[in-house]
Amino acid sequence: MEEFNIFNLLIILTGAWVGGAAAKRLGYPAILGELVIGIILGPAILGLLETSEMISVLAEVGIILLMVYIGMEINFRDLGKASWPGLLAAIGGFVVPFGLGYYTIIYFGGTQMAAMFVAIAVGVTSLATKSRILVDLKLLNTRIAYVLMAGALISDTLALIIFAGLISFVDAGNIDTLGIMWVAGKAILFFVLTAVAGIYLLPLLGKFLTRAKIKDRTLHFTLILIIVFGFAELAELAGLHSILGAFMAGLFIRDGVFNRQISKEINDIFHDVSIGFLAPIFFVSAGFNVTLDIFQTNLLMLIAVTLVAMIGKIGGTALFYLPSGYGWREGITVGTGMNGRGAVEIIIAGIGLEMGIISAEIFSVLVFMAIFTTLTVPVFLTWTTKWLKKRGELVHQESRKGFLILGANPLGIYLAKHLDKEDFVTVVDSNREMVELAKKEGLNAVAGNILKEETMEQANAIEKGTFIALTANSEINLLAAQLANDSFYIPRKIVLMDPKESGAGVDMLDRINASSMFASKIKLDPWIYKLTSGGAQEMEVEIKEEMTTRDWIKKQKQGKDEILPLVIVNTEGRKRPFHFHDTISPGEKIIYLR
C-alpha cells in the first residue's frame, strides 16, 4: 500500500492557500490560483509533485463535499426572482457554446464522447465567480444580478444532468434500444427516489430531531454525511456519478429540513471542510494533469475552444435573451457575466480525464479555457454595466423587499417613516411603550427581544431585504445583525456604530458583510435629543458628480455644522438608507438633518 506522505499534503495545502489568496486578492475565485499552483508544482513546470492514490482519495471526497456545499447554497426561491429571463439566459448561454464546443472538437479530430465532455464544460458557468464580482461592482440589487444567479443555477444543474446521462452511456458500453431504456430508467428512478427522500423523509427526520430537542451539531453533521454518501451511492448504483448524488443531497438539506441555526452552522462546516481543506486538494492535483505542450502542439485548438466558449456564451445569451423584452444590451451584459467557468467545469473535465474519455491535452485546453474566460468577467462586466448605467438601462430590482429596523426610538421612527413611503417597514424594540408610539405613527411594530429567533420570525425577517440596527448599544446592534445574517439570510445589514466601538466591531461588520449606518460612527442620544426638542432641521441636497458616501461625509466635515445623512433619493424618487458601502450617482439627492 502506498505510504501516506504528510509532506506532500503539506505542500499541496500550503500552495493552495498561497495561490487561492493571491487569486482572491486580484478579485478572482480561489480555484484559479489553486489550479495555477498545481500547474507550477506539478510535472508541467517544477515536477515537485504528482498524483498519488492518497491524493486521489482525498480529492474525490473533496469534490463530493464541495458539491454538497454548492447544493446547499442554492435556494430555489432565487430561481423565481428572474425565472423567465434567467431561463432564457441559461438556455442560450448553455446550448450555443455546447454546440460550438462539440463541433470544434469534432473538427480537430476528437471522438464524439470527448466532444460531448468539452461541450458540457464550455456550457457551464461559475456561480462563485459572479457572486464575488457582483458584490464588488455593487450590482446585487439589480435585475442583472438575479438573472445571472438564476441563469448560473439553471445551466449548472442542466450540465450535471446531461453529464450524468453521458456517464451512464459510457458505463453501459454497447448501447441499443433496450440499453438506452435501461440507462434512462435507472436515471429516472434515481431522481424519483432522491426526490421522495428529500421531500418527505428528510423533513420527518428534521421534525423528529426538533421534537426530541436534539441540538447536538456534531450529531447533525454525522447524519448529514450519512445522507450525503447514501445519495452518492444511489447515484453510483444508478450508473450516474457520485457528485450528482451529493449535489441532490445538498439541495434537499438546504431547504429547511433541520433547525435553521444548526443548518447555517453545518453549512459553514461544509464550507470550511470542502473549500478550506479537501476541495483545494482536488484543484491543485487537477493542475498536475495539465501539460504546457498544448501551447506548442495544439495551440490552435486552445484558441478555438476559448473563442467559441466566449463567443458562444455571450452571443448565445444575448440572442436567447431577446424574448425577455429587456433588450439586447442587457443580454450582452448578462452574457459577459456568465462567461466565467469554475468548479463544476473543472470537476467534469477531471472525471472525463480519469475515465479516459478525454486526453491530457484536451483536459489542459479546458483548464486554460476556464482560466482565460474567468479573467475576462470583471473587465467585460464592468464595461457593460457602465454602458447600461450611462444609458439609464441598469434596472434595480429587489427580490426580498422591505426594512426591518431595530430601535423604536425617535430617530428610528423618523427614518422608518421616510422608508415606509417606499417599502414596507417593520420596527422592533423590547420597550413596549416605544413600540406603541411607533404604531401611533402608522408603522408596523413588534415588541420583543431581537436576539431571539421567535421575535425575528414575528417580524417576518425571512421576507425582508434590509436589516437596520439603530440602538445606542453597538454590541446589541452587531449581535442582532449577525442573527439576521446567519439565521434569516437578510442580504443587507446596516449597523449603527458608537464612536467608542473598538476594531473588533468593525471586524464583525466585515465578517457578516454589513455596513455602518450614516457612513460613520455617531452617538445616538444627541440626535434623539435634537429631534425631540425640535432642534433638528431636515435638509436636502442634489449631487452633481458621482462619489462614495464616505467621501460625501468627509466633505461635510470641513464645515462647522454637524449633520446626519438619513437617506439617498434616486432619480426615480426611491429612498434607501445612507450607509458606508454605497455610491451616490449624479442627480440623486441626500436628505439629512442638521
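Summary table below
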{"item": "Those residues of region 24-42 which are surrounded by 21 or more Cβ atoms within 10 Å (Cβ to Cβ), at pLDDT below 85 and either assigned to a helix (DSSP H, G or I) or over 17 Å from the mean Cα position of the chain (by Cα) (or both), in sequence order", "result": "ALA30, ILE31, LEU32"}
{"item": "Sole residue being farther than 28 Å from GLY327 by Cα and not charged (D, E, K, R), chosen from LEU366, LEU388, LEU375, LEU394", "result": "LEU366"}
{"item": "Unmet criterion (only one of (1) free of Cβ contacts under 8 Å to residues at least 24 places away in the same chain; (2) part of a helix (DSSP H, G or I)) for GLY356", "result": "(2)"}
{"item": "Tabulated pairs, region 512-531, first among the small types (Gly, Ala, Ser), second assigned to a loop (DSSP other than H, G, I, E, B), C-beta under 6 angstrom, 6+ apart or interchain", "result": "SER515/PHE580; SER515/HIS581; SER516/MET497; SER516/PHE580; ALA519/PHE580"}
{"item": "Matching residues in region 203-250 - criterion: being surrounded by 24 or more Cβ atoms within 10 Å (Cβ to Cβ) and not in a helix (DSSP H, G or I)", "result": "LEU240, HIS241"}
{"item": "Residue among VAL435, VAL377, VAL446, VAL427 that is out of contact with any strand residue (DSSP E or B) (no Cβ under 9 Å at 6 or more places or on another chain) and buried (at least 17 other Cβ atoms within 10 Å of the Cβ)", "result": "VAL377"}
{"item": "Considering residues of region 342-375 that are modelled with pLDDT of 85 or more and of a type in the set (Ser, Thr, Tyr) only, the residue nearest to ASN298 (Cα to Cα)", "result": "SER364"}
{"item": "Meets criteria (over 18 Å from the mean Cα position of the chain (by Cα), closer than 28 Å to MET355 by Cβ and not in a loop (DSSP other than H, G, I, E, B)) for ILE314", "result": "no"}
{"item": "Hits in region 574-594 (condition: over 27 Å from the mean Cα position of the chain (by Cα) and not in a strand (DSSP E or B))", "result": "PRO586, GLY587, GLU588, ARG594"}
{"item": "Verdict on ILE351 being surrounded by 21 or more Cβ atoms within 10 Å (Cβ to Cβ), on the phi < 0 side of the Ramachandran plot and of a type in the set (Val, Ile, Thr)", "result": "no"}
{"item": "In region 549-573, residue farthest from the chain's Cα centre (by Cα) [restricted to those that are modelled with pLDDT under 90 and either assigned to a strand (DSSP E or B) or among the small types (Gly, Ala, Ser) (or both)]", "result": "GLY559"}
{"item": "Those residues of region 465-482 which are assigned to a helix (DSSP H, G or I), among the hydrophobic types (A, V, I, L, M, F, W, C) and over 15 Å from HIS579 (Cβ atoms), in sequence order", "result": "ILE476, LEU479, ALA480"}
{"item": "Unmet requirement for PHE76, which otherwise passes all of (1) out of contact with any helix residue (DSSP H, G or I) (no Cβ under 7 Å at 6 or more places or on another chain); (2) of a type in the set (Phe, Trp, Tyr); (3) modelled with pLDDT of 80 or more", "result": "(3)"}
{"item": "Residue under evaluation GLY47, criteria (1) in a helix (DSSP H, G or I); (2) of a type in the set (Gly, Ala, Ser); (3) at pLDDT 85 or above; (4) not assigned by TED's automatic domain parsing to the domain that holds VAL308, criterion not met", "result": "(1)"}
{"item": "Residues satisfying the stated conditions in region 456-475, i.e. surrounded by 19 or more Cβ atoms within 10 Å (Cβ to Cβ) and either over 15 Å from PHE403 (Cα atoms) or among the acidic types (Asp, Glu) (or both)", "result": "THR471, SER474"}
{"item": "Residue that is surrounded by fewer than 23 Cβ atoms within 10 Å (Cβ to Cβ) and either at pLDDT 90 or above or assigned by TED's automatic domain parsing to the domain that holds ILE348 (or both), where the choices are ILE253, ILE269, ILE311, ILE281", "result": "ILE311"}
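The values are calculated or read from the model by the stated rules, or taken from the named source; none is laboratory data. Here the structure is a predicted model, which is why all the values come from computation and not from measurement. FYI the Cβ positions are ideal-geometry reconstructions off the backbone, even for glycines, and counts take in every protein chain you see.
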